[in-house]
Amino acid sequence: MKTTAMILILTAFALLVGAASSIAQEKMGRDEWQSEMRNASNRITSLHKEGRDLDSQKIVLQSQLTKLDADVKTCEDALYAMLGVTRADVQAFDKDLNDMEKRVGELQRMTDAELVGYKDEINRMNERLKEMAASKIALIPRYGDRVHSLQDKVAALMKSLSKEKTYTVGTWSRDRDCLWNIARKKDIYDNAWMWPKIWQGNRDLIKDPDIIKPHWVLKIPEGKELSRDEKSAANRYYRKKATGPASQ
Amino acid sequence: MVKLLKPLLAAALLCGGMMLSSCSSGPSEEELSKLAELKKQADQLQSEVENKKADIGALTKQIAERNSKLQQCQSDQEAVKKALGGK
């Protein structure tokens, strides 16, 4: 009986010890803790050192950058002095070029017919570019190249404009010229309903589409269809006509 | 049988004692929090080091840009000298 009780006690004790040891395995052991503390301390030391090295590198690079900035300024000042211009002159020149490059890009995306409305602006640009090309700043290659490239583009725009067709208005008695009759001519649009295009393309001359005068040189915008604006103008004209002269 | 039980009991007690003693030798809460603090500090330092590396990268890029600007200016000077000299 005693023997059996002893065996039972021993078994229970062994089980207890087993359970305790399995719990202990889940927790961190002292050796492991010490090893992790060492690793963390070493990592901190090494990171402190790396941080100090990087700080030194930063100081060196910053001083290099400051020196380079000063060298660039000295070089640019010498360059501008050679040309007898100021930094502000060059900045203004650069801004002008940027603005023109942007505007020329917009004009290049227009159709020839649309360009007609910007003829004066293109001519002004051409004149300004001539002045810029003659400026001493254009002797600096990076500016000179940009001016010449813009001049080429503006010349191409002017060439597109020169393709613009015109028609000189004759007399009613001899030629029966009105916008309707001009538009229906074979060498104009061959379509009388295109008359609003001539009207809208010549708004500087034609205030009333019923009145055109002999010897006027009318621009004949390119295109086979009326634009939305031209259609609206024609509709407004027809409505006005329909309401009669009393409402005019 | 009874004779065998005594040594067996002694051995079992000894083993149990050893196990329990190893169990109680783990780090204390205070020690564990010290380790966590060190790890946190290391992570912070790592992040600072990464920021410094990024700053150095940006500075290197700016230096390359300035070098190219300086070269461009020097080449412009040569071209202008030539153009003015030719006039």
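State whether the residues of region A:29-42 include one that is assigned to a helix (DSSP H, G or I), closer than 30 Å to B:E78 by Cα and either open to solvent by less than 60 Å² (accessible area, probe 1.4 Å) or modelled with pLDDT of 95 or more (or both).
Our first condition is that a residue be assigned to a helix (DSSP H, G or I); within region A:29-42, this holds for A:30-42.
Okay, now just the ones that are also closer than 30 Å to B:E78 by Cα, so none.
No, the conditions are met nowhere in region A:29-42.
Select, from A:A138, A:A70, the only residue that is in contact with a His (Cβ under 9 Å, 6 or more places away or on another chain), under 17 Å from B:Q77 (Cβ atoms), aliphatic (A, V, I, L, M) and in a helix (DSSP H, G or I).
Just one listed residue meets the conditions, A:A138.
Pick out the one residue from B:L59, B:L45 that is in a helix (DSSP H, G or I), open to solvent by less than 90 Å² (accessible area, probe 1.4 Å), farther than 30 Å from A:D71 by Cβ and within 7 Å of another protein chain (Cβ to nearest Cβ). Give the derivation first.
On the way: B:L59 fails: farther than 30 Å from A:D71 by Cβ.
After ruling out the rest, the residue left standing is B:L45.
Go through region A:199-216 residue by residue and tally those that are surrounded by 13 or more Cβ atoms within 10 Å (Cβ to Cβ) and without any contact (Cβ under 8 Å) to a residue 24 or more places away in the chain.
Going residue by residue through region A:199-216, those that are surrounded by 13 or more Cβ atoms within 10 Å (Cβ to Cβ) are A:199-202, A:205-206, A:209, A:212, A:214, A:216.
Keeping just the survivors that are without any contact (Cβ under 8 Å) to a residue 24 or more places away in the chain gives A:202, A:205.
Adding up the residues that qualify gives 2.
Return yes or no: is A:L115 within 24 Å of the chain's Cα centre (by Cα), surrounded by 15 or more Cβ atoms within 10 Å (Cβ to Cβ), under 30 Å from B:Q71 (Cβ atoms) and not assigned by TED's automatic domain parsing to the domain that holds A:S227? Explain how you work it out, then say what you get.
Details: within 24 Å of the chain's Cα centre (by Cα): yes; surrounded by 15 or more Cβ atoms within 10 Å (Cβ to Cβ): yes; under 30 Å from B:Q71 (Cβ atoms): no; not assigned by TED's automatic domain parsing to the domain that holds A:S227: yes.
So A:L115 fails the test.
A quick yes/no check of all residues on (1) open to solvent by less than 80 Å² (accessible area, probe 1.4 Å); (2) touching a Pro at 6+ places or on another chain (Cβ under 8 Å); (3) of a type in the set (K, R); (4) over 20 Å from A:K119 (Cβ atoms):
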residue	(1), (2), (3), (4)
A:D177	yes, yes, no, yes
A:W195	yes, yes, no, yes
A:L218	yes, no, no, no
A:P221	yes, no, no, no
A:S227	yes, no, no, no
A:A234	yes, yes, no, yes
A:K240	no, no, yes, yes
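Yes/no matrix, rows are residues, columns are (1) at the interface with another protein chain (Cβ under 7 Å from one of its Cβ atoms); (2) open to solvent by 80 Å² or more (accessible area, probe 1.4 Å); (3) more than 27 Å from B:D55 (Cβ to Cβ); (4) modelled with pLDDT under 95:
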{"position": "A:S46", "(1), (2), (3), (4)": "no, no, no, no"}
{"position": "A:S56", "(1), (2), (3), (4)": "no, no, no, no"}
{"position": "A:L61", "(1), (2), (3), (4)": "yes, no, no, no"}
{"position": "A:K67", "(1), (2), (3), (4)": "no, yes, no, no"}
{"position": "A:C75", "(1), (2), (3), (4)": "yes, no, no, no"}
{"position": "A:A78", "(1), (2), (3), (4)": "yes, no, yes, no"}
{"position": "A:D89", "(1), (2), (3), (4)": "no, no, yes, no"}
{"position": "A:D94", "(1), (2), (3), (4)": "no, no, yes, no"}
{"position": "A:M100", "(1), (2), (3), (4)": "no, no, yes, no"}
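Testing A:G201 on (1) modelled with pLDDT of 90 or more; (2) under 30 Å from A:F93 (Cα atoms), one condition comes back false. Which one is that?
(2)
Hey, does region A:158-171 have a residue that's of a type in the set (D, E) and surrounded by 13 or more Cβ atoms within 10 Å (Cβ to Cβ)?
Narrowing region A:158-171 to residues of a type in the set (D, E): A:164.
Those left that are additionally surrounded by 13 or more Cβ atoms within 10 Å (Cβ to Cβ): A:164.
Yes, region A:158-171 contains a residue that is of a type in the set (D, E) and surrounded by 13 or more Cβ atoms within 10 Å (Cβ to Cβ).
Considering (1) open to solvent by 80 Å² or more (accessible area, probe 1.4 Å); (2) within 14 Å of chain B (Cβ to nearest Cβ); (3) closer than 22 Å to A:R146 by Cβ, say which one A:M82 fails and leave the rest.
The number of the failed condition is (1).
The values are calculated or read from the model by the stated rules, or taken from the named source; none is laboratory data. Quantities reported herein were computed from a predicted structural model and do not represent experimental measurements. Cβ sites come from the backbone with ideal geometry, for glycine too, and all protein chains shown count toward neighbours. When the accessible area is computed, the model is the full protein with side chains, heavy atoms only, and any ligands, DNA or RNA have been set aside. Shrake-Rupley method; radii C 1.70, N 1.55, O 1.52, S 1.80 Å.
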